[in-house]
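For reference, the structure discussed in these notes is given below.
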Amino acid sequence: MSPALNESRTALRTFTNGWSIDHASIPVLDPEAFAQAIVDAVAEGRRVVALFGAEARQQDATALYVVLADDDENLLAAARTEITGNSFASLTPRCPQVHLFEREIAEQYGLVPEGHPWLKPVRHHASWTGRDAWGREAGEPNLPGGELIAPGGGGFYRLEGEEVHEVAVGPVHAGIIEPGHFRFQCQGELVHHLEIALGYQHRGVERAMLGGPHAKGIHYAETVAGDTTIAHATSYCQVLESLSRCQKTARSQALRGISLELERLANHVGDLGALAGDVGFLPTASFCGRIRGDVLNMTARLCGSRFGRGMIRPGGVGFDVDTARIDTLLREIDAFDKDAHAAINLLWSTPSVMARFEGTGTLPRQAALDLGIVGPAARASGLERDVRQDQPCGVFRFAHIPASTVESGDVFGRAYMRWLEIHQSMRFIREQLRAMPAGARQTPVGALAPDSFVAALNEGWRGEVCHVAITDEAGRFSRYKIVDASFRNWSGLAYALRGQQISDFPLCNKSFNLSYCGFDL
Amino acid sequence: MLKILKARLQQGHRTIRYPDGPPPAVPDRLRGAPVIDAGKCAATSAAASAATSAATLEGNCRACVDACPTGAVSLENGLSLDLGRCLFCAQCAGACPTGALVFTQEHRLAARRRGDLLVGQGRAVRLAGALEPRLLGLFGRSLKLRQVSAGGCNACEADVNVLGTVGWDLGRFGIQFVAAPRHADGLLITGPVTQNMRLALEKTYAAVPEPKIVIAVGACAIAGGPYIGHAEALDGAGALLPVDLFIPGCPPHPLTILDGLLRLLGRVS
């Protein structure tokens, strides 16, 4: 390793996933050194987990924080800088994976990332500081005339030419699905560029977390993305637990792991059914629609809610299992196993399905790397990244789930990835249920440590879910940052659509199946 | 082809028999309709207060009210719970030292009027009745709905969607979700109605031909859910549109949603 790389490494504060650190131990770099540290870390093979603004301790300044992951060393690293004035030099041209983070900083704190190639708002809300990066009037977010701040506004990247046409879809879509706006630049059926404009689901989650922990905190976490209730609630609880030095029992961690993998099973099997539906292969579409319900009912057997509401609670879990319930769950997993094999294996042996899956919506490995793609979408493009393996916390420190990868990067890759993960999750759930450790289901969570910093990452079914919290001198949240996998992966979908037929959009979209509310917060 | 037929045989016929047969079993830990026994409430009943320890603050017990994240529980005019605001987290029941408030497995929760969702002593949810005769004549055997998620977290949406699977087969009741508001008889709304979805929801509603109905599914669409009071949202669909059916839950169980829809169409009572 060259001295320069060593230098950049020492400039960062390293720590582990889910362990709080003294806020003062995070080095304050000058803005140029901060940017260089990120560029160097990414060049070394690390990746950006979060880049966000926060109130600086110094007056008239805004702090920027970065959390980087060193997946080979199973370590996270943090650094911060303070920006005085209204702008900073954009890092996006040198490090594309931060492009949305910088747009978010611009929107939330009114700082302009100078040189950002496509600086538009992310969620279309008023700035938190009263200073607007686009010079708009404060307090008039969505009024007529405030076109730029209204969702879907702000202008789109356009292709010019006689044969070029533009297709606009949404925010209200044809199915029972969340709202978002898609703008395609097409030449005939061929998509040259897709721009995705979101923000319609913005409910103000991060802002509402400030000053917490509040009574509603766990409910915000459970509804950041309803289909990812377990992963987000687990990250939220890990934040509280690490900041209060709460020791969870092995039993509660096993139950969290089981819940997380059930969430993955339900969504993966549902997605495979929906992918079958999108290519008109109805047998698997029909079977998987029902089988997904069977898994949701298993989660409801744990906690009464098909989406895991009430299962993950600070200090442990809300519900325990006795041997009778374990036996029932094991039987239900066996039935699921049999049904899922019969339904899903039809896909891989049906030429009309494979013809539509293979070679469609390819996201090349390098693009996935550059864009910072996470989860099954990254693994389907050959990137071996999985929080359960690389940054293990909770039960995953003891029970390893090896990351599977596929090299093709196409719809088939993302579909087959899910099938591989279904196998791993079933194995994990069975192992955990059969060897359930003893212990209480919940231990009390105390007051949060003041002036601390923590990042809690979990591998949700879509990919990495990251919650970062900073506490003030009274142990209250002075910043709470949430990064859903969708925040990273929508750019991957847009990229994968280039050069595709527009009629393949639903198929490509479903192969990523990203969250709108998880992005919009 | 043979493989497909074999898989089809293995999967079998899975559509529930309800409402002709009994409804499918709900999970034993389901938090359904709450029941209030004011006689046990230490805050409103002197006898219950005397019978419990000092932990209940001698008649000033507010444990349930303090435990509720959305302000659904009230002690004014006796202990009551507004199911429109309720997330069914049951933290109130868990906090109650005397068991005055318990959640049952009862899945039927849908009501026609907002006020009918208030549960109190001797007062259960006033379950929804059918549409008025003229609308029932129009929609009773064919109801086309346009779904709009306006800040929903995708849990309500998912359990509305599940009604379309072979297990529930919503189509057998003539109920169908359609792609265009022009083809719809009404809207089914989820989410607290974010400021950023307000215009889209208004336009979608305007595009539905008269007469039309509105169904609010989930705590968010009824009263804002966890997002109640947020400047970024409107505390539910009722702030913008007249609502004909409220289906509480976070999210409601599919059986609760189906029950609500069938009640509206006079298929169950």
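No value in this document is a laboratory result; all are computed from the given coordinates. These figures come from a predicted structure and were not determined experimentally. Here the Cβ is made from the backbone with ideal geometry for all residues, glycine too, and neighbour counts use every protein chain on show.
Check residue A:452: other-chain or 5+ apart residues with amide H under 5 Å from its amide H, H built from backbone geometry?
A:23, A:471
Mind checking the dipole of segment A:213-368: about its Cα centre, +1 per Lys or Arg Cβ, -1 per Asp or Glu Cβ, Debye to the nearest 20?
Once rounded to the nearest 20, the dipole reads 420 debye.
Taking θ as phi - 60°, what are the ³J(HN,Hα) couplings along segment A:373-389 by the Karplus curve (6.51, -1.76, 1.60), each to the nearest whole Hz, with x for Gly and Pro?
After applying 6.51 cos²θ - 1.76 cosθ + 1.60, I find 5, 10, x, x, 5, 5, 5, 6, 9, x, 8, 8, 10, 7, 4, 4, 8 Hz.
Taking amide H atoms as placed 1.01 Å from N in the peptide plane, list the residues 5 or more away in sequence, or in a different chain, whose amide H sits under 5 Å from that of residue A:49.
Counting only residues 5 or more places away or on other chains, the set is A:67, A:68, A:69.
Relative to the first principal axis of the alpha-carbon coordinates of chain B, what is the inclination of helix B:254-264, with its axis defined by its Cα atoms, in degrees from 0 to 90 and to the nearest 10?
Approximately 80 degrees, to the nearest 10.
Using the Cα centre as the reference, give the magnitude of the dipole from point charges on the C-beta atoms of the protein assembly as shown (Lys, Arg: +1; Asp, Glu: -1; all else neutral), rounded to the nearest 20 debye.
2580 debye
Please compute P(r) over all alpha-carbon pairs of chain A, binned at 20 Å starting from zero, and give each bin as a whole-number percent.
Going out from 0 Å in 20 Å bins, chain A shows 23, 57, 20, 0 percent.
Taking the Cα centre of segment A:205-483 as origin, work out the dipole magnitude from +1 charges on Lys and Arg Cβ and -1 charges on Asp and Glu Cβ, in debye rounded to 20.
With only Lys, Arg, Asp and Glu charged at Cβ, the dipole is about 560 debye.
Under the classification rounded if a/c is under 1.5, otherwise prolate if a/b is larger than b/c and oblate if not, where does segment B:133-264 fall, given a ≥ b ≥ c as square roots of the Cα gyration tensor eigenvalues?
It comes out oblate by the Cα gyration axes.
Per DSSP helix of 4 or more residues, -39500 (n - 2.57); summed, then divided by the residues of chain A. What does that give at 222 nm, rounded to the nearest 500?
-12500 deg cm²/dmol
Which value in deg cm²/dmol, rounded to the nearest 500, describes the helix-derived mean residue ellipticity at 222 nm for chain B, given -39,500 (n - 2.57) per DSSP H run of n ≥ 4 and division by the residue count?
Taking each H run of at least 4 residues, the total per residue is -7000 deg cm²/dmol.
As a test of the definition: which semi-axes, in Å, follow for segment A:133-280 when you take the square root of five times each eigenvalue of its alpha carbon gyration tensor? Largest first, please.
So the three semi-axes of segment A:133-280 are 38, 26, 12 Å.
For segment A:167-181, take each phi angle, set θ = phi - 60°, evaluate the Karplus expression 6.51 cos²θ - 1.76 cosθ + 1.60, and give the result in whole Hz per residue in order, putting x for glycine and proline.
With coefficients 6.51, -1.76 and 1.60, one gets 10, 10, 10, x, x, 7, 9, 6, x, 8, 8, 6, x, x, 10 Hz.
Mean Kyte-Doolittle of at least -0.5 and a Cα length of 24 Å or more along the axis: which whole DSSP H helices of chain A meet both?
A:250-278, A:282-303, A:323-348, A:411-434
Please name which of A:62, A:156, A:302 has its Cα lying farthest along the dipole of chain A towards the positive end, using unit charges on Cβ (Lys, Arg +1; Asp, Glu -1) and the Cα centre as origin.
With unit charges placed on the Cβ atoms, the residue in question is A:302.
Loop only by DSSP, 15 or fewer other Cβ within 10 Å of the Cβ. Give me the chymotrypsin sites (Phe, Trp or Tyr not before Pro) in segment A:302-409 that pass, ordered by residue number.
Passing both the DSSP loop test and the Cβ count: A:398.
Give the total of Lys-Lys pairs in the protein assembly as shown with Cα-Cα distances below 29 Å; include a pair only if its members are 8 or more places apart or on different chains.
18
Could you pull out every residue, at least 5 positions away or on a different chain, whose amide H is within less than 5 Å of the one on residue A:87? Hs are placed 1.01 Å off N in the peptide plane, and Pro or chain starts have none.
A:112
Read phi for every residue in segment B:93-105 and hand back ³J(HN,Hα) as whole Hz from Karplus 6.51 cos²θ - 1.76 cosθ + 1.60, θ = phi - 60°, with x for Gly and Pro.
5, x, 7, 5, x, 10, x, 6, 9, 10, 9, 9, 8
How far is helix B:2-11 tilted off the main Cα axis of chain B, in degrees rounded to 10, range 0 to 90?
Orientation of helix B:2-11: about 30 degrees from the principal axis.
Residue A:332 versus residue A:165, label points 7 Å from Cα toward the beta carbon: distance in nm?
Between residue A:332 and residue A:165, the simple spin-label model gives 4.9 nm.
Can you give the FRET efficiency for residue A:423 and residue A:247, using 1/(1 + (r/R0)^6), R0 = 35 Å, r = Cβ-Cβ distance, to the nearest 0.05?
FRET efficiency, residue A:423 to residue A:247: 0.60.
Can you list which of the trypsin sites (Lys or Arg not before Pro) found in segment A:143-229 are DSSP loop residues with at most 16 other C-beta atoms within 10 Å?
A:158
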